[in-house]
1. Please state which one of 91, 50, 39 is of a type in the set (Gly, Ala, Ser) and more than 30 Å from residue 140 (Cα to Cα).
2. Determine which member of the set 147, 137 is within 16 Å of ligand 1 (Cβ to nearest atom), touching a strand residue (DSSP E or B) at 6+ places or on another chain (Cβ under 6 Å), touching a residue at least 60 places away in the same chain (Cβ under 8 Å) and not aliphatic (A, V, I, L, M).
3. Taking residue 93, is it touching a His at 6+ places or on another chain (Cβ under 9 Å), at pLDDT 95 or above, farther than 20 Å from residue 7 by Cα and surrounded by 13 or more Cβ atoms within 10 Å (Cβ to Cβ)?
4. Within the range 111-153, which residues are more than 13 Å from ligand 2 (Cβ to nearest atom) and under 30 Å from residue 21 (Cα atoms)?
5. Counting just the residues of the range 2-50 that are β-branched (Val, Ile, Thr) and crowded, with 21+ Cβ neighbours inside 10 Å, which one comes out farthest from ligand 1 (Cβ to nearest atom)?
6. Residue 82 - would you say it is touching a helix residue (DSSP H, G or I) at 6+ places or on another chain (Cβ under 7 Å), away from ligand 2 (no atom under 16 Å from the Cβ) and either closer than 28 Å to residue 146 by Cβ or hydrophobic (A, V, I, L, M, F, W, C) (or both)?
7. For the range 90-112, which residues satisfy the criterion of being of a type in the set (A, V, I, L, M, F, W, C) and closer than 14 Å to residue 28 by Cβ?
Amino acid sequence: MNKCYCKSGLDFAECCEPILRVEQVAPTALSLMRSRYSAYCLGDVNYLQATTHDHTWTDDELKFIQDWADNSFWQHLEIVDFSDDMVEFKAYYIFENVQHLHHERSTFLKVNDMWKYVDGEIYEDKVTLLRNETCICGSGKKYKRCCATRITK
Ligand SMILES: [Zn+2]
Ligand SMILES: [Zn+2]
C-alpha cells in the first residue's frame, strides 16, 4: 500500500485517492485541501480547476500550473491550523533548483455539498532547512543526503 501524498500517514486508497477520483466528496475543507495537495503531487490540474470556486483558468494559467506541479518535487505538507472553512498550511517543495516553502491560509466554501477553494493569504516565510537535520520529507535521512541532492546547482 502506498502512503498518501498528503502525508496524513494513511494509505492513499483510504485518504485522497477516492476524493481525487470523485468517488467520494471531501467531507471537510481540510480533506479537500489535502486532496488538492495530492493533486499537485500528481499533476492533476483538472482536479485543481474543478475544486476552485468561481474562477476558470485561462489556457496560459492552466499551462503554468501544470508546469509548476509537474516540475516541482513535493516534499511535505504541514497543517498549521484549520477551522470549518479555513486551512493554514505549509507546503515544502523544490522547483527549478530552489527549496521553496509555500505558507498559506486558505479559505474554502461549500457549494452544492462540494468544498471548493476560494482564495488564500500567502505568507512570505524564509525556508530554513538545515543540511544536517532530518529531512522534512519523512525519509529519516539528513536533508543534505536526501531532498537537498535534488538541488543540482
Ligand atoms: Zn491524503
Ligand atoms: Zn527528503
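The values are calculated or read from the model by the stated rules, or taken from the named source; none is laboratory data. These numbers come from a predicted model, not from an experiment. Heads up, the Cβs are rebuilt from the backbone with ideal geometry, glycines too, and the neighbour counts pull from every protein chain shown.
1. From the options 91, 50, 39, the qualifying one is 50.
2. 137
3. no
4. 111, 112, 113, 114, 115, 116, 117, 118, 119, 120, 121, 122
5. 45
6. It is true that residue 82 is touching a helix residue (DSSP H, G or I) at 6+ places or on another chain (Cβ under 7 Å), away from ligand 2 (no atom under 16 Å from the Cβ) and either closer than 28 Å to residue 146 by Cβ or hydrophobic (A, V, I, L, M, F, W, C) (or both).
7. Hits for the range 90-112 are 108, 109.
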